[in-house]
Amino acid sequence: MADEKSLNFIEEIIENDIAAGVNDGRILTRFPPEPNGYLHIGHATSICLNFGLAKKYNGKCNLRFDDTNPVTEETEYVDNIKQDIKWLGFEWDNEFYASDYFEKLYGFAVRLIEKGLAYVDDSTAEEIAATKGSTVAPGSDSPFRNRSIEENLTLFSEMRAGKYKDGEKTLRAKIDMAHPNLLLRDPLMYRIKHAHHHRTGNDWCIYPMYDFAHGQSDSIEEITHSICTLEFIHHRPLYNWFIEQLGIFPSRQFEFARRNLTYTVMSKRKLLQLVNEQHVAGWDDPRMPTISGMRRRGYPAVALRQFSDTVGIAKRENIVDIGLLEFYVRENLNKSTDRVMAVLDPLKLVVTNYELDGEVFEIENNPETPNGTRSVPFSRELWIEREDFMEVPAKKYFRLAPGNLVRLKGAYIVRCEGCKKAEDGTIEEVYCTYLPESKSGNDTSGLSVKGTIHWVSTKDAITAEVRLYDRLFRVEDPSSEDGDFKEYINPDSLNVLPAVYIEPALQRAVAGESYQFMRKGYFCVDSESTPGKLVFNRTVTLKDAWAKEVKRN
RNA sequence: AGUUCGAUGGUGUAACGGUAGCACCACAGACUCUGACUCUGUUAGUCUAGGUUCGAAUCCUAGUCGGACUACCA
């Protein structure tokens, strides 16, 4: 029985094209970022789609930077975008830039002028907007619409030569000022910008608009399937118009719905605001939905790929639960990470009947994917998690409480004998006795206890800074709420614990590594971490049935 | 209002005229030297109204609701 995965609508189109022999079955896609910001999880979907399609259908995928606006674009962004794509696990066939085609594009523009399909307009931006009409009213012709071909040719070459100031003139396609599709009301093809370009320097002072660059670049590269997001659907007639009038290779555009995620924002404009106004520490802040932020947070690349695959593509608006991404993050980290013990909120536990100087236990690193053991020192005084003790235990609580038995992970079973309290009632120390015959791996006590807690020996512990990250926003969809989206930033999205006690084996942890802090979550070593000052980021918590139980009551 | 795209459990996505399925979430239980993982089970869906058909989520008609478009950004 064929258990084939069903095709998404773009795969159907491609398979139909292959069956029909379109382009002899050749498949060439492209991923076309503008280098004016960092890539986010939405781009990851597009990357997985374009590169994935190429791979699946024996085709290729180009990386093409859509760098037609020199004032917002920077080389820094180019470098980071390339790094992000590689990290996600994809390789491009060619690395191209729309700016590589400036000369060709100029030639295309001249060709359209010669065909009487483009003209130089002296109107100001305001005048052009005013004559554009509206969704319900037609626009009106520019007074410069009927210049002669010769005059247009001269003017356009003067524009290129730098004879005019920014905004003084534009080149427009001559289509129809009454067209119901606003984009076809004589769209701008070129504008004047005396600005330095990250690649072409000062060679040009006129730059093509998106609509006159993207489709033509696709065509120059002979892209077969140009896949973009839904908001470009209105551009498709224009995309096709330029290609037809120019008589160049007929790339075709297909649109799918962009992915939205709960508890975050995705527009580059908003992300840039978060960075510039320092609500976050940068584009790669672990709270950001950027690929670099997620990488720094400790999300495995494979989790992003699985997430993209599961979510799939379609044409309807959507907002995907961030919990689904977190599911894949946990699923992968559960298999791959070594378990270690770290006490985030310390409370001292004294094993009153422990007479030895100490012992060293060998504790297994990873029960899911066996990966050896490590040495963990044990002694009379330990740090345990404050929440693992209750003087008056709640219903169903099976950790430490007077009279209760609990297993110290990898060591002994202990019985809680009491605690010491400060004047204000704060618990200062917990006392217990251990059962020597319950030694881990050699337990002859015959007891089975319900609870196991983690611990770190006080005299052997080392410290690390731990950064507890939570969702950046307090509401599911900040963009759809009233007022400014920044009002909905979660004030507790970052909680820095300056000196968490961790087991000494972690001294050699290096940046980028991930660990499971037992019972607390997955943590990765931050890029700022050094052997002298270890820094861990919380990637994601473990699922916590007890926390849920507490919340319920 | 014009153009245009869309509508399947809480979320995302299948079913292409023939038993509405999968994943996440939620809930209940089993297991557990992580209240994790794993395992078992449960709740819950075709926007509405007509029509075509033996049979409609699927085709047709009308309506409802939602998104996108009116930058010298992409």
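Here, each number is a calculation from the coordinates, and none is a lab measurement. From a predicted model like this one, the values you see are computed outputs, not experimental measurements. Here Cβ is always computed from backbone atoms with ideal geometry, including for glycine, and neighbour counts include all displayed protein chains.
The figures follow:
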quantity	calculated
Chain A, relative contact order [Cα under 8 Å, separation at least 6], %	11
Estimated dipole of chain A in Debye, rounded to 20 [Cβ of Lys and Arg +1, of Asp and Glu -1, Cα centre]	760
Where N is the number of residues in the range A:239-314, Cα Rg divided by 2.2 N^0.38 Å	1.55
The range A:228-304 and the range A:132-152: distance between their alpha carbon centers, rounded to Å	33
Distance in nm between pseudo-label sites at A:Lys543 and A:Glu114 (7 Å out along the Cβ direction from Cα)	6.7
Furthest towards positive pole of dipole, A:Val406, A:Val360, A:Leu382, structure part the range A:342-454, Cβ charges	A:Val406
Rel. contact order, % - alpha carbon contacts under 8 angstrom, at least six apart, the range A:173-323	17
0 to 90° range, to nearest 10: angle between helix A:41-56 axis and chain A longest Cα axis	70
Segment A:Ile149-A:Arg269, length gained on full extension (0.36 nm per residue, minus Cα span)	39.2 nm
Fraction of alpha-carbon pairs over 15 Å apart in the range A:390-438 - percent	48
Shape category assigned to the range A:16-65 from the gyration tensor of Cα positions, a/c cut at 1.5	prolate
Sequence-distant residues sharing a close amide H with A:Tyr190 (under 5 Å, placed H)	A:Leu171, A:Met209
Inter-site label distance for A:Lys348 and A:Asn366 at 7 Å from Cα along Cβ, in nm	3.7
Interchain or long-range residues, amide H under 5 Å from A:Thr72's placed H	none
Principal axis dimensions, the range A:20-256 - Cα atoms, whole angstrom, descending	52, 41, 32
Between the range A:162-178 and the range A:184-226, the Cα center-to-center distance that results, in Å	14
Neighbourhood charge, 15 Å Cβ-Cβ cut-off, centred on A:Ile192 and excluding it, Lys, Arg +1 and Asp, Glu -1	+1
Cβ-based net charge around A:Ile363, under 11 Å, with every Lys or Arg adding one and every Asp or Glu removing one	-1
The range A:110-182 - charge dipole about Cα centre, Lys and Arg +1 at Cβ, Asp and Glu -1, debye rounded to 20	220
Nearest-20 debye value, the range A:62-136 charge dipole, Cβ charges on Lys, Arg, Asp, Glu	400
Relative contact order %, the range A:253-386, counting alpha carbon pairs below 8 Å whose residues are six or more apart	20
Within chain A, percent of DSSP bridges classed antiparallel, to nearest 5	70
With eigenvalues of the C-alpha gyration tensor scaled by 5 and rooted, chain A, Å	61, 24, 20
Sites A:Val71 and A:Asp122, calculated FRET efficiency, Cβ-Cβ separation with R0 25 Å, nearest 0.05	0.65
Taking A:Lys56, A:Lys551 and counting other C-beta atoms within 10 Å, the order from fewest to most	A:Lys551, A:Lys56
Ranked A:Asp284, A:Asp166, criterion: other C-beta atoms within 10 Å, fewest first	A:Asp166, A:Asp284
Per-pair calculated FRET efficiency, R0 = 60 Å: A:His196 and A:Ser440 via Cβ, rounded to 0.05	0.35
Estimated [θ] at 222 nm from DSSP helical runs (n ≥ 4, -39500 (n - 2.57)) normalised by residues in chain A, nearest 500	-8000 deg cm²/dmol
Built amide H within the under 5 Å cut-off of A:Leu261, gap 5+	A:Val320
Gyration tensor verdict on the range A:342-454 (Cα atoms; rounded if a/c is under 1.5, prolate if a/b is larger than b/c, oblate otherwise)	prolate
The range A:84-129 shape via C-alpha gyration tensor axes, a/c threshold 1.5	oblate
Phi to ³J(HN,Hα) by Karplus 6.51 cos²θ - 1.76 cosθ + 1.60 over the range A:424-437, Hz, x for Gly, Pro	7, x, 5, 6, 9, 8, 10, 10, 8, 10, 9, 9, x, 7
Selection from A:Gln306, A:Ser148, A:Thr124 lying farthest towards where the dipole of chain A points positive, charges on Cβ	A:Gln306
Integer Hz, Karplus 6.51/-1.76/1.60 couplings in order for the range A:60-65, x for Gly and Pro	9, 9, 8, 9, 10, 7
For the range A:1-60 versus the range A:85-107, the gap between their alpha-carbon centres in whole angstrom	17
Cα long-axis angle, helix A:301-311 against chain A (0 to 90 degrees, to the nearest 10)	70
Förster radius 51 Å - calculated FRET efficiency between A:Phe249 and A:Thr135 (Cβ-Cβ, nearest 0.05)	0.95
J(HN,Hα) series, the range A:205-221, from Karplus relation 6.51 cos²θ - 1.76 cosθ + 1.60, nearest Hz, glycine and proline x	10, 10, 10, x, 6, 3, 5, 9, 10, 5, x, 5, 5, 4, 5, 4, 7
